[in-house]
Amino acid sequence: MESRKEAQPKGEFKCQLCGLTAPYTYYGQKPPNTRSIVILEESYVMKDPFTPDKDKFLILGSQCSLCSRLVCVGTECSLFYSKRFCLPCVNENLKAFPIEIQEDMDKRKSQTKSFPSEKMDAKI
Ligand SMILES: [Zn+2]
Ligand SMILES: [Zn+2]
């Protein structure tokens with residue numbers, strides 16, 4: 001029953017990897033008020049808050065096709081290769097992906113900031 005046309009948040013999207021949260025106004029492949037836009041995957045979408053244009057929207061994220069986790073579209077969390085995959089699943093199944101994806105993952109790895117190394121002062 002969709003009587004309202006306004007973009008009322010339907011709920012909150014939360015990325016299960018990075019913890020990003022944002023209210024989403026639509027889940028699916030064809031956001032309302034958009035002219036001929038069909039997203040390639042079922043996605044959590046919110047109206048772009050930075051523009052008054054009704055047909056501008058942001059894709060927040062979607063569900064990993066392997067583990068069903070909700071992940072944002074950020075490059076640290078997921079990638080889209082005919083379906084949405086979260087990066088942990090990509091890494092686990094890296095050999096199943098084409099070489100471009102494998103190389104892309106290598107690049108991403110070298111780009112990620114290394115966490116401060118754990119202190120090695122545990123003297124026993
Ligand atoms: Zn994320
Ligand atoms: Zn996954």
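The table that follows gives values for the structure above.
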{"item": "Cα-Cα over 29 Å, subset of Lys14/Lys83; Lys56/Lys107; Lys83/Lys107", "result": "Lys56/Lys107"}
{"item": "Positive-end extreme of charge dipole, segment 11-111 - chosen from Asn91, Pro23, Cys72 (charges on Cβ)", "result": "Pro23"}
{"item": "Percent breakdown of C-alpha pair distances by 10 Å bin, ordered from the shortest bin, for segment 11-111", "result": "16, 43, 29, 12, 0"}
{"item": "Size of electric dipole in segment 11-111: Cβ of Lys, Arg +1 and of Asp, Glu -1, about Cα centre, debye, nearest 20", "result": "160"}
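Throughout, read-outs are computed from the coordinates displayed, never taken from laboratory work. Computed from a predicted model, the values in this text were never measured in an experiment. Backbone-built Cβ (ideal geometry, glycine too); neighbour counts: all protein chains shown.
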